[in-house]
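Beneath this line is the structure, given in structure tokens, with notes to follow.
Every read-out reported here was derived from the displayed coordinates using simple, explicitly stated rules and does not represent laboratory data. This structure is a prediction, so every number in the text was calculated from the model and none was measured. As a convention, Cβ positions derive from the backbone with ideal geometry for all residues, glycine included, and neighbour counts pool all protein chains shown.
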């Protein structure tokens, strides 16, 4: 069965997420910000935020008082990190909408930072018929539960869906849940894949 529904990831597909920009004004250089992020294991703490934990609680685990303050400020600074949309993908979104193709979304994103992201990328609140934000649900990609949840809420079968993500592990998770999957490497390649499936 050819897919008739498109399910988008957000970060890295529709929006370019650059977390270091949250602290650039304070540190003055990307190298200094990245040293801070490495020092606090930002990647692991952010993944916990995506799974529903609060950044204030994550910050309170840090011994250094300045680093604790910096991570605690992340939510208020978040809008700086998602200023850039990925234009080529948005052109494809508009073509899908014009063609009447249902569009949904699944994103690993903190419940706290999602509203901050919408302040600078308001169209993210408009384009999805159904959107599952991991931090709200406390389940994350690539686990099967988040894909099942999307299908249940959108009232679609997994086999009707093609899922697009810049993380290959997440695409593999979607396939394991019964969806078709496209590993996003750029808008031009995505256009080819969607055209091949008869969606464009």
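Under the rule a/c < 1.5 gives rounded, and otherwise a/b versus b/c splits prolate from oblate, where does the range 80-158 land using the Cα gyration tensor? Oblate.
For each of 37, 179, count neighbouring Cβ atoms within 10 Å of the residue's Cβ, then give the residues from fewest to most.
The most exposed by this proxy come first: 37, 179.
Binning the alpha carbon pair distances of the chain at 10 angstrom intervals from zero yields the distribution 9, 35, 33, 17, 6, 0, expressed in whole percent. All Cα-Cα separations within the range 58-111 were binned at 5 Å from zero, giving a P(r) of 4, 14, 14, 17, 13, 11, 8, 7, 7, 4, 1, each value a whole percent of the pairs.
Summary value for the chain: 29 percent relative contact order, contacts being C-alpha pairs under 8 angstrom separated by 6+ residues. In angstrom, the C-alpha Rg and Dmax of the range 19-81 are 10.7, 30. Across the range 19-81, Cα pairs under 8 Å and at least six residues apart give a relative contact order of 41 percent. Springs between Cα atoms under 10 Å define the GNM used for the chain, and in it the highest mean-square fluctuation of 108, 170, 60 occurs at 60. Helix-only arithmetic for the chain: the sum of -39500 (n - 2.57) across DSSP H runs with n ≥ 4, divided by the residue total, places the mean residue ellipticity at 222 nm at -12500 deg cm²/dmol. A Gaussian network model of the chain, with springs between Cα atoms under 10 Å, assigns the largest mean-square fluctuation among 184, 55, 27 to 27. Of 116, 160, 188, the residue with the greatest mean-square motion in the GNM of the chain, using alpha carbon springs below 10 Å, is 188. Across the range 136-200, the fraction of Cα-Cα pairs farther apart than 17 Å, rounded to a whole number, is 41%.
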